[in-house]
Every structure is written in structure tokens, then in C-alpha cells.
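The values are calculated or read from the model by the stated rules, or taken from the named source; none is laboratory data. Note that the structure is predicted; figures quoted are calculated from it, not measured. In this analysis, Cβ positions are derived from the backbone assuming ideal geometry, glycine residues included, and neighbour counts consider all displayed protein chains. Note: accessible area is taken over every heavy atom of the protein model, side chains too, but ligands, DNA and RNA are not part of it. Shrake-Rupley method; radii C 1.70, N 1.55, O 1.52, S 1.80 Å.
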Amino acid sequence: QVQLVESGGGLVQAGGSLRLSCAASGRTFNTYAMGWFRQAPGKEREFVAAIRWSASSPSYADSVKGRFTISRDNAKNTVYLQMTSLKPEDTAVYYCAARTGSITSLETLYNYWGQGTQVTVSS
């Protein structure tokens, strides 16, 4: 069982930066692939980024590539999402998720989810 708690959301102006954190419980964090997803008002939840247990070859949605960076610290059981050059269209609730196995952009394949953290980007 893995419990995930996101933090770091808030209100930021367009062009600004935020770093989201996702703290995980459990002794086997370093065996899980981790993902970030987001859901804007009135829209489906969508994939943002994912990272392997080894932190090699992360995957990104095209909409955030070059602006967002996913990373993890297995010693701290934490995954991060560094967001830069934020745009109003990045406004959403951001969720982290965990799964055993390889990374994927398919949310249905993630076993564990956090409660989400709100990111609001003003124009």
C-alpha cells in the first residue's frame, strides 16, 4: 500500500515557476514508477509527466515538454515536478500517482493516487 500526499501548489503569475512535491509512504517507493497528472475545470484528467524508479528517461506530455521537469529522490520517498514558464492553461489540480512496473501515460494503469494540489496561473 502506498499513500501519496502532494504539496506546493498555489497561485502564480504567467511566466512564473512552482515546484510540486509528492511524498510517498511505504518502504518500496524506489520500486514504483511515478506520474503526474492534472485536471482542469470541465476537462478530463490528463497526463503530464512520468519517471521510472531509476529516474532514467522521464516522459512528458508535449504541452509541458521543455517547461516542466520531473525528478525523484528515493531516499526521501519524494517525487517532484518543477514547473517553469507557466501559462494560464496550466491551471489545474495536479495529482501524483504510483504504479508498479514501467512508466505509462495511461492513468488507468496507476494503482495509487494523491488527493491533488491546486495550481492557478493568472494572466
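Across every pair of non-identical alpha carbons in the chain, the mean reciprocal distance, once inverted, gives a Kirkwood radius of 14.1 Å.
The largest accessible area among Glu6, Glu89, Glu44 belongs to the first residue in Glu44, Glu89, Glu6, and the rest follow in falling order (1.4 Å probe, all chains). Backbone geometry of segment 103-113 corresponds, through the Karplus equation with coefficients 6.51, -1.76 and 1.60 at θ = phi - 60°, to 3J(HN,Hα) couplings of 6, 7, 8, 7, 5, 5, 8, 8, 8, 10, 9 Hz, x marking Gly and Pro.
Loop-located trypsin sites (Lys or Arg not before Pro) in segment 1-70 (DSSP state other than H, G, I, E, B) with a sparse environment of at most 11 neighbouring Cβ atoms within 10 Å: Arg27, Lys43, Lys65. Relative to the Cα centre, the charge distribution of the chain, modelled as +1 at Lys and Arg Cβ and -1 at Asp and Glu Cβ, gives a dipole magnitude of about 260 debye. For the chain, the solvent-accessible area with a 1.4 angstrom probe is 51 square angstrom per residue. Among the protein heavy atoms of segment 1-98, carbon and sulfur supply 47% of the accessible surface, probe 1.4 Å, non-protein parts ignored.
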